[in-house]
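The values are calculated or read from the model by the stated rules, or taken from the named source; none is laboratory data. Because the structure is a prediction, the values reported are computed rather than measured. Don't worry about glycine lacking a Cβ; one is built from the backbone with ideal geometry, like all the others, and counts go over all protein chains shown. These area figures cover heavy atoms from the full protein model, side chains too; ligands, DNA and RNA do not enter into them. Shrake-Rupley method; radii C 1.70, N 1.55, O 1.52, S 1.80 Å.
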Amino acid sequence: MLPRHFSYQDKILLLQHGCTDLLHLAQRRGASLHKLLSGTSIFEQDIHKPHARLHHADWLKLLQNCQQQLNSPELPFLLGTALLQNRYISLSQCLLHAANLKQALSQLHYFRHQLFPGVYVQQYRKQQCVVLEFNTGLTLGQQHSTAITMLFSLLLSLIKQQLGSSKGISAQLKQQPAQSELTYQLHWGCAVSFNQPCDSLLIDYPVWHQAFPATDPVKFAAARRTCRQLNRVLPRQRGLLEQVCRLQRRALPALLSLEQAAQQLGLSASTLKRQLSLHKTNFAQLLDSVRRDAARQLLQQGCYSNRQLACKLGYSDEHNFRRAFKRWTGLIPSSFKELQNSH
């Protein structure tokens with residue numbers, strides 16, 4: 001059974017899971033708490049309540065208010081590190097005491113609704129590395145760059161803290177650099193490229209299994225138990241865009257209709273159509289994005305012919321597939337693969 005999907009107006013985030021860290025960082029840089037909370041449904045007296053929750057829309061508004069009040073390009077980098085070190089966030093403690101990166105990221109993926117409900121990851125192999133491709137479960141709008149920078153900062157801080165450096169890691173971002181490229185490299189300690197097809201981390205395979213020196217099985221198990229208990233307060237929920245994309249990915253090479261997807265989500269077709277419009281997209285665009293991402297990932301994973309790719313993605317023939325791929329990327333499949341392999 002699919003987890004329930006959430007909307008911008010669902011109270012799915014704990015204030016203590018990122019928002020208080022953001023407010024403290026912003027206030028230390030001179031921001032007014034009153035102005036930071038402006039336009040949200042958060043009251044000052046809520047901030048110190050252990051289980052106070054907020055809407056995802058409030059979280060995005062807080063990020064926007066910080067950008068408007070402060071000229072501090074380092075804020076999302078610092079926030080990612082602060083989240084990792086917050087001893088009151090059980091998921092962060094789970095990551096810090098894991099045996100290796102593979103185990104840490106499996107916990108982050110499963111319990112992501114407790115910290116990053118608006119983002120999900122697709123993982124696959126590319127040559128001698130593991131690729132983590134980050135997608136959004138709901139539209140983040142102008143805060144997309146900030147949210148991804150914050151998440152990458154948390155992960156790369158974890159790697160540097162546990163392994164001493166981020167050697168063997170590279171980052172790819174869809175955006176143009178919001179600030180100097182040197183800022184990213186100084187904070188992350190790895191190669192960063194921009195204007196890429198997706199937001200992703202490429203991790204050399206040996207790094208994936210390298211043991212964390214600070215691993216503590218007892219503390220890891222205790223933190224994971226707390227995460228499970230927290231699920232009673234924050235039940236597992238996924239963004240609507242994530243659920244639709246996952247349904248279509250599993251259905252390939254068949255293509256779902258709007259009615260079929262709505263039925264599996266427990267919605268009417270008209271309700272699904274209306275909710276997708278709130279995310280500035282529609283059902284056809286989502287299906288197109290699923291085929292685009294699947295084509296790109298399959299090209300990087302193996303030696304598939306255009307005919308095989310067309311068959312896997314539900315195209316009637318390879319000509320239609322090549323035409324769609326060039327529309328997505330501006331390149332034919334063989335040229336795209338050569339370009340990716342050269343990075």
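Filtering segment 16-41 down to residues that are of a type in the set (A, V, I, L, M, F, W, C) and farther than 18 Å from Ile89 by Cβ, which residue is surrounded by the fewest Cβ atoms within 10 Å (Cβ to Cβ)?
Out of the qualifying residues, it is Leu33.
Can you find a residue that is under 17 Å from Gln114 (Cβ atoms), among the polar types (S, T, N, Q), modelled with pLDDT of 95 or more and open to solvent by 30 Å² or more (accessible area, probe 1.4 Å) anywhere in segment 75-85?
Yes, some residue in segment 75-85 is under 17 Å from Gln114 (Cβ atoms), among the polar types (S, T, N, Q), modelled with pLDDT of 95 or more and open to solvent by 30 Å² or more (accessible area, probe 1.4 Å).
Name the one entry in Leu202, Leu186 that is assigned to a helix (DSSP H, G or I), out of contact with any Asp or Glu (no Cβ under 7 Å at 6 or more places or on another chain) and either in contact (Cβ under 8 Å) with a residue 24 or more places away in the chain or open to solvent by 10 Å² or more (accessible area, probe 1.4 Å) (or both).
Being assigned to a helix (DSSP H, G or I), out of contact with any Asp or Glu (no Cβ under 7 Å at 6 or more places or on another chain) and either in contact (Cβ under 8 Å) with a residue 24 or more places away in the chain or open to solvent by 10 Å² or more (accessible area, probe 1.4 Å) (or both) holds for just one of Leu202, Leu186, which is Leu186.
What residue, among those in segment 222-274 that are open to solvent by less than 50 Å² (accessible area, probe 1.4 Å) and hydroxyl-bearing (Ser, Thr, Tyr), is farthest from Ser7 (Cα to Cα)?
Per the criteria, the residue is Ser257.
Name the single residue, out of those in segment 42-74 being surrounded by 18 or more Cβ atoms within 10 Å (Cβ to Cβ) and within 28 Å of Phe220 (Cβ to Cβ), that is modelled with the highest pLDDT.
Result: Trp59.
One line per residue, one yes/no per condition, for (1) aromatic (Phe, Trp, Tyr); (2) at pLDDT 95 or above; (3) under 14 Å from the mean Cα position of the chain (by Cα):
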residue: Ala98; (1), (2), (3): no, yes, no
residue: Arg112; (1), (2), (3): no, no, yes
residue: Gln122; (1), (2), (3): no, no, yes
residue: Gln185; (1), (2), (3): no, no, no
residue: Trp188; (1), (2), (3): yes, yes, no
residue: Asn195; (1), (2), (3): no, no, no
residue: Asp204; (1), (2), (3): no, yes, no
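Pairs under 6 Å by beta carbon, first residue closer than 16 Å to Leu83 by Cβ in segment 156-167, partner hydrophobic (A, V, I, L, M, F, W, C) and assigned to a helix (DSSP H, G or I), six or more apart or different chains?
Leu156/Trp188; Ser157/Leu84; Leu158/Leu84; Leu158/Leu95
Quick one: which residue in Lys160, Lys174, Lys219, Lys167 is open to solvent by 70 Å² or more (accessible area, probe 1.4 Å) and either touching a Phe, Trp or Tyr at 6+ places or on another chain (Cβ under 9 Å) or among the aromatic types (Phe, Trp, Tyr) (or both)?
Of the residues listed, the single one that is open to solvent by 70 Å² or more (accessible area, probe 1.4 Å) and either touching a Phe, Trp or Tyr at 6+ places or on another chain (Cβ under 9 Å) or among the aromatic types (Phe, Trp, Tyr) (or both) is Lys174.
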